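Structure first, commentary second.
No value in this document is a laboratory result; all are computed from the given coordinates. For clarity, every value in this text was computed on a predicted model and none was experimentally measured. Neighbour counts run over all protein chains shown; Cβ positions are idealised from the backbone, glycine included.
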């Protein structure tokens, strides 16, 4: 591969002149610059970015930490974040945390060693020290901790929309899937849902799944187990993937949807629109979350003060399950 | 943040000694090493990895190029590849190519500039020059070109399994979704399927989608359009996502599955097991593809000769759609 010396030789100038021409630093005549650019192009010269990174102490890499890259919510969020980072000239490093211990800590250590310029975290902080990194961190759909800006959906509105959809349909006894966690922003959807159901005298059977245990097989297993145990319910509120699990278990047991059982999903991922009936669900604005998360990161990278938390509106998708 | 000078001062030694102790190079007494490690720990010292990368001319980053990070096949493949790369100590950079021109070329240029040590490509090479990079490239489920090792599923077997499932069920007229492309390895599933159908006198209506156009909305649109136009068929062969699109359109039109219409999907992603009936489909071994792809990359990074192409077995999932 051609090096800077080859370019200098071909252009008939010194190495320092090539460096100035390619970095756009210092004076250089238009004619010489043109000669150097032509030589670099002819030799397919690529500057070693590692040297540039070291001199800038910056890589333009942003790390994205997610519990699971395959889960439809996170896969879509990653797609939109990667595209958004690209618009700002940043490259995207990913790290999935749910199958290996200590990965959050290792990723944070990489940030400290300057491997990345910042981290967008869709996972919890592993410990108190993670709040003291002194480098840009943005929390999307999780609560990293004090002083770390957050971007999340309007889950209060989401919980209300789900409750109203089931209440308006006349449900009297519902199955509600949630998960315990470190006070994530989406906890609100569960508390609001429970409150509204109680206010209207609707019985709620609670199923609390493991925190951040996001694989399909697990969701299939718990939804099937609880759905078959509670075939008497007339409503379900669960994440998209869990809602499909409930729908499959109910249909298999011969229960008609939506006549006998109404189901409201949460997330609004693409799969909710691939089935018949389509899933009635609360849709998070995935491009909106990605955009706000990346913009917040860019603000921090530019040395601006930490912006206020951003709450992104949700909407109700009317499918055929209510 | 503490620097190497702070560690040297606290340990009462010179900067060079700290560097030798932390890099494990050159002689240093056990006592001094211990003192230095204690000082580094007390100060939470993190070496600047950019300097290390420059001196090694290596980053331990592997780039993964995919058409779309949200598509269930690629999202799962990414999950397994990222975990597998981690096992070997590599970090994962991602790049989705289907919405922006020239991204393949930009990613290749990053490889040339030493930003990454290698690329695992699940997309086509953008041009002939991409074959002459002189850096490690592995093609997974695509054909990058001459001299680039490939890892792909046994699509000949996959096409045969799909054909036999529909033939054994007595289908006489089927809808077959494929896409034109640059001779990707999976083209075999389509050619084998067509051949077997013709041999058995089964009529095949061909729908050729756009190459690498992978979003759900597109699949929903084309499957609905062709399914509603050909409600007379008794069989469908399509990718998982397209199979769901066909199923939804057929159910909406009142066609019973599998009594009147048999559907065989292809890929075997997690969503195929979330519905009732579950999708009968050919399953690609996603962990197996990821493992073989990463191992091939590691072989190239170790300077070994390019390994032979690897063909990963597929299997048939018996759902309730045939």
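Using alpha carbons only, the radius of gyration of the range B:165-322 set against its Kirkwood radius gives Rg/Rh = 1.02.
When only Cα pairs under 8 Å and 6 or more residues apart are kept, what is the percent relative contact order across chain A? It comes to 17 percent, rounded to a whole number. Per residue of B:149-161, other chain Cβ atoms within 10 Å of the residue Cβ number 0 on average. Only beta bridges with both residues in the range A:184-322 are counted; by DSSP, about 30 percent of them are antiparallel.
Only helices enter this figure: runs of n ≥ 4 DSSP H residues, each worth -39500 (n - 2.57), summed and divided by the residues of chain B, yield -13000 deg cm²/dmol at 222 nm to the nearest 500. The calculated FRET efficiency for residue B:191 paired with residue B:128, based on their beta-carbon distance and R0 = 22 Å, is about 0.30. Sorting the segments A:95-101, B:249-255 by their residues' average number of neighbouring beta-carbon atoms within 10 angstrom, most packed first, yields A:95-101, B:249-255. Summarising the strand pairing of the protein assembly as shown, around 10 percent of its internal DSSP beta bridges are antiparallel. Peptide packing for B:307-318, B:160-171 was compared via the average number of neighbouring C-beta atoms within 10 Å per residue; ordered from the highest value, the list is B:160-171, B:307-318. Nearest-to-axis residue in chain B, judged by Cβ distance to the rotation axis that brings B onto A and given in whole Å, is B:75, 2. With one equal scatterer per alpha carbon and no solvent term, the Debye-computed log10 I(q)/I(0) for the protein assembly as shown at 0.07, 0.11 1/Å reads -0.52, -1.15. Just to be sure I understand: of the beta bridges DSSP finds with both ends in chain A, what percent are antiparallel, rounded to 5? Counting only bridges with both partners in chain A, antiparallel ones make up about 10 percent.
According to the Kirkwood relation over distinct C-alpha pairs, the hydrodynamic radius of the range B:212-299 is 14.1 Å. Mark the label point 7 Å from the Cα of residue B:218 along Cα→Cβ and return the residues of the range B:55-96 whose backbone N is within less than 20 Å of it. Label zone hits: B:65-78, B:95-96. Using alpha-carbon positions, what is the distance between the centroids of the range B:181-213 and the range B:258-295, in Å? So the two Cα centres are separated by 18 Å. Relative to one another, the C-alpha centroids of the range A:87-134 and the range B:297-313 are positioned 30 Å apart. Panel order for A:300, B:231, by other beta carbons found within 10 Å of each beta carbon, from fewest to most: B:231, A:300. One way to sum up the overall shape of the range A:177-253 is the equivalent ellipsoid from its Cα gyration tensor, whose semi-axes run 20, 18, 9 Å, largest first. Semi-axes of the equivalent ellipsoid for the range A:103-155, computed as √(5λ) from the eigenvalues of its C-alpha gyration tensor and ordered from largest down, come to 19, 11, 10 Å. For the residues of B:249-260, the average number of beta carbons from a partner chain within 10 Å of their own beta carbon is 1.
Length, then width, then depth: along the principal axes, the Cα atoms of the range A:75-186 run 56, 33, 28 Å.
For the range B:1-82, the C-alpha radius of gyration sits at 1.64 times the compact-globule guess of 2.2 N^0.38 Å, with N the residue count. Over 5 Å intervals from 0, what percent of Cα-Cα pairs in the range B:37-80 sits in each interval? So the P(r) values, bin by bin, are 5, 17, 14, 10, 11, 13, 13, 10, 6, 2.
The convex hull drawn around the Cα atoms of the range B:129-244, when projected onto a plane and averaged over every direction, covers 8.1 nm². Working from the alpha-carbon coordinates of the range A:252-322, get Rg over Rh, Rh being the Kirkwood radius. Using only Cα positions, Rg/Rh for the range A:252-322 is 1.24.
Comparing chain B with the 2.2 N^0.38 Å rule of thumb, its C-alpha radius of gyration ratio is 1.30 (two decimals). Diffusion of the range A:34-109 by Stokes-Einstein, at 37 °C in a medium of 0.692 mPa s and with Rh set to the Kirkwood radius over alpha-carbon pairs, works out to 216 µm²/s.
Partner shielding of A:276-284 amounts to 2, given as the average count of beta-carbon atoms from other chains within 10 Å of each residue beta-carbon.
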